[in-house]
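Scroll down for the structure; my scribbles are underneath it.
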Amino acid sequence: MSLDAPFTGQLYLPDKALTTGTSPVLDAHGHAIAHVQWHFWTVRSRFEILDSRGTVLAEGGTQGWTGRQLTVRTPAGRTVVDIRFGLWRPINGATITLGSGRSLGVRQTSIWSDRNFEFSAGGRVVGRITPTTGVLSFRPDSYSFVLNSSAMTALEAISLAQALRAAVRAMRQQHSG
């Protein structure tokens with residue numbers, strides 16, 4: 001599976017494994033197509049997207065002194081996903097630009113959970129992220145990402161899901177600390 005090809009289907013993004021700092025990205029059949037490497041000891045919500053052999057495909061983290069921008073880039077510097085979070089409504093007010101230049105809208109679909117997202121392009125829903133575990137589980141941020149149109153590549157989808165996961169975690173830490 002080429003991660004740079006337009007993608008339609010389902011991806012599973014389990015939460016990080018505390019012992020290794022990585023988590024697999026699985027296709028609908030349960031095959032690992034990529035991995036996410038988390039960086040624990042940083043204030044910038046840093047992470048890397050690795051291919052199945054462990055080669056870095058993209059790396060991301062918050063930008064700027066406010067941390068209201070999260071950008072994912074390839075090692076060569078090409079932007080994969082850029083998210084600028086809104087001031088009063090960080091997720092619902094966010095601006096998402098894919099590496100292709102395409103803009104997406106994002107909406108948090110639950111007032112009770114910060115783990116449900118819906119994406120649209122041109123007023124049409126193109127994908128949804130939903131949790132696959134309970135809030136009080138050991139891995140509360142395990143996601144399923146369903147793309148019902150080829151609005152983005154698999155790499156853009158993985159990067160977008162991981163960027164939102166990192167942003168939500170940072171917001172939780174701000175509110176709890």
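The values are calculated or read from the model by the stated rules, or taken from the named source; none is laboratory data. As the structure is a computational prediction, the values presented were derived from the model and not from experiment. These accessible areas exclude ligands, DNA and RNA; they are computed on the full protein's heavy atoms, side chains included. Shrake-Rupley method; radii C 1.70, N 1.55, O 1.52, S 1.80 Å.
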- Query: For the stretch 1-43, what are the residues that are at pLDDT 90 or above and of a type in the set (A, V, I, L, M)?
  - Reply: LEU3, ALA5, LEU11, VAL25, LEU26, ALA28, ALA32, ILE33, ALA34, VAL36
- Message: Given the options GLU156, GLU118, name the one that is in a helix (DSSP H, G or I), at pLDDT 90 or above and open to solvent by 10 Å² or more (accessible area, probe 1.4 Å).
- Response: GLU156
